[in-house]
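Quick notes on the structure that follows.
Read the figures in this text as sums done on the coordinates, not as results from a lab. What you see is a predicted model; the values in this text were computed from it and never measured. Don't worry about glycine lacking a Cβ; one is built from the backbone with ideal geometry, like all the others, and counts go over all protein chains shown.
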């Protein structure tokens with residue numbers, strides 16, 4: 001059978017490889033000149049930058065399997081055991097480390113020692129975590145509630161929410177706890193921290209993202225027999241007699257099945273009429289921005305490879321000195337999720353807010369000179385993980401036979417993460433191959 005995959009991000013890459021493995025003749029079309037989608041690198045004035053700091057967890061099994069398939073798992077690192085330094089103004093460092101105990105006891109010691117909260121707040125947080133482990137994430141009513149409001153009901157103070165719960169909720173949901181869906185937040189904490197002791201161990205790339213995803217994916221797709229067409233903009237999927245056609249301004253590709261693996265705002269304009277019961281739902285998914293600041297110092301200012309900030313505008317920082325090509329100084333990337341305000345701020349305004357904030361967290365940076373300060377904005381980085389988002393996310397199967405959807409915004413159960421994107425691609429591939437299986441059955445059985 002013939003399958004066309006529209007979109008060369010992680011979802012499209014996973015879908016194309018899976019369909020090729022299933023024996024399909026696959027064509028992948030991508031509007032950009034590269035693959036990798038939202039996780040990519042680019043050069044700016046001689047400096048190699050990632051568009052964002054994309055970490056993953058040990059529980060991200062589908063994404064890690066894709067890295068193995070691309071041959072780049074060895075270019076990432078995985079913590080042997082969760083260990084996150086959390087820095088407050090004045091340079092006070094507290095660690096969130098898991099102990100070698102079964103879940104949820106593996107986090108008991110970390111909470112007991114966490115000096116950014118009072119003893120009373122630590123005990124209250126432990127009780128809230130046990131209750132969160134029992135929240136039914138499949139309950140539609142749970143999805144309609146705000147995570148922050150639920151935490152307040154569990155006796156969590158604003159300080160505890162900012163200094164503990166948002167450390168995890170904000171980067172994974174791309175929204176603060178006060179705005180996020182309880183169902184998605186509960187899923188994140190249950191899957192990454194509360195049900196499996198090792199699930200939350202942190203992994204990250206040790207090379208630029210394009211060297212982890214884009215270039216290796218192109219090689220793996222070619223090796224699997226997939227035809228890759230970059231610089232090819234899909235305008236519309238058309239339904240014909242017994243086949244589907246993907247049209248560009250000057251070309252078309254006919255196939256038995258089509259997988260649309262585009263961002264949700266773009267997918268809505270490509271899908272044919274009747275594909276979704278309520279196409280307007282996609283538009284209501286909204287979006288949430290991410291802003292990354294790249295600060296190049298003339299000397300080393302920290303020995304941490306990654307760290308979180310509390311009581312500070314700095315959320316997470318990463319040492320990207322090696323990945324950006326090496327320097328005599330140090331290259332820190334500051335990742336800001338749920339960055340509605342920061343996305344509207346100018347470069348100088350961001351510089352004047354965040355360089356002094358780094359002085360407060362990293363005392364050695366006071367004596368260092370900032371040689372470069374770069375801003376990378378992703379205004380529509382993810383869908384908005386707000387209450388009620390669950391009923392807006394469509395599944396892989398559409399109402400048109402042979403047409404399926406992929407993307408982290410589809411109903412994977414995961415938030416908008418690389419793991420969710422890969423899982424969506426695999427689900428869409430199963431739908432496409434199911435069409436081929438039905439075509440091979442005798443007519444009376446297929447019917």
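Rank by packing, highest mean first: peptides 191-200, 14-23, 239-248, with packing defined as the count of other Cβ atoms within 10 Å averaged across residues.
14-23, 191-200, 239-248
Who wins for biggest fluctuation among 66, 101, 170 in a Gaussian network model of the chain, springs between alpha carbons below 10 Å?
Maximum fluctuation in the GNM of the chain, among the listed residues, is at 101.
What residue among 77, 417, 382 has the largest mean-square fluctuation in a Gaussian network model of the chain, using Cα springs under 10 Å?
Between 77, 417, 382, it is 77 that shows the largest mean-square fluctuation.
Would you calculate the separation in nanometres between label points at residue 245 and residue 101, each defined as 7 Å from the Cα along the Cα-to-beta-carbon direction?
Result: 6.5 nm between the two label points.
What is the helix-to-structure angle for 418-440, meaning the angle in degrees between its Cα long axis and the longest Cα principal axis of the chain, kept from 0 to 90 and rounded to the nearest 10?
So the inclination is approximately 20 degrees.
Using 0.36 nm per residue, how much length does the chain from residue 312 to residue 206 gain when fully extended, once their Cα-Cα distance is taken away?
Net length gain for the segment: 35.5 nm.
Specify the inter-centroid distance of the range 335-385 and the range 138-190, based on alpha-carbon positions, in whole Å.
The range 335-385 and the range 138-190 have Cα centres spaced 24 Å from each other.
Could you list the square roots of 5 times each eigenvalue of the Cα gyration tensor of the range 308-425, that is, the equivalent ellipsoid semi-axes, sorted largest first and rounded to whole Å?
38, 16, 12
Rg and Dmax of the range 99-197, using alpha carbons, in Å: what are they?
12.6, 36
Cα centroid distance between the range 232-304 and the range 17-49, in Å?
Between the Cα centre of the range 232-304 and that of the range 17-49, the gap is 13 Å.
Return one number: the angle in degrees, 0 to 90 and rounded to the nearest 10, between the long axis of the Cα atoms of helix 214-223 and the longest principal axis of the Cα atoms of the chain.
Long axis of 214-223 versus the principal axis of the chain: about 30 degrees.
Please state the relative contact order of the chain as a whole percent: Cα pairs under 8 Å, 6+ residues apart?
It comes to 25 percent, rounded to a whole number.
Only Cα pairs within less than 10 Å get springs; with that Gaussian network setup on the chain, which residue of 53, 156, 92 has the largest fluctuation?
92
Remind me, relative contact order of the range 370-430 in percent, using alpha carbon pairs under 8 angstrom and six or more residues apart?
Computed value for the range 370-430: 26 percent relative contact order.
Rounded if a/c is under 1.5, else prolate if a/b beats b/c, else oblate: with a ≥ b ≥ c from the C-alpha gyration tensor eigenvalues square-rooted, which is the range 237-321?
Judged from the Cα gyration tensor, the range 237-321 comes out prolate (a/c at least 1.5, a/b above b/c).
Please state the shape class of the range 392-433: rounded when a/c is under 1.5, otherwise prolate if a/b exceeds b/c and oblate if not, all from the C-alpha gyration tensor.
Values: a/c = 3.11, a/b = 1.58, b/c = 1.97.
It is oblate, given that a/c is not under 1.5 and a/b is not larger than b/c.
Determine the shape class of the range 11-74: with a ≥ b ≥ c the square roots of the Cα gyration tensor eigenvalues, call it rounded for a/c under 1.5, and otherwise prolate if a/b is greater than b/c, oblate otherwise.
Note, shape of the range 11-74 comes out oblate.
Quote the relative contact order of the range 99-197 in percent (integer), defining contacts as alpha-carbon pairs under 8 Å separated by 6+ residues.
It rounds to 37 percent for the range 99-197.
Helix 61-70 versus the longest principal axis of the chain: what is the Cα-based angle in degrees, 0 to 90, to the nearest 10?
Here the helix axis deviates by roughly 70 degrees.
If I model the range 1-124 as equal point scatterers sitting on the Cα atoms and use the Debye formula, what is log10 I(q)/I(0) at q = 0.10, 0.16, 0.17, 0.21 Å⁻¹?
One equal scatterer on each Cα of the range 1-124 leads to -0.56, -0.95, -1.00, -1.22.
Evaluate the Debye formula for the chain with equal point scatterers sitting on the alpha carbons, no solvent, and hand back log10 of I(q)/I(0) at q = 0.10 Å⁻¹, in q order, two decimals.
Computed log10 I(q)/I(0) values: -0.73.
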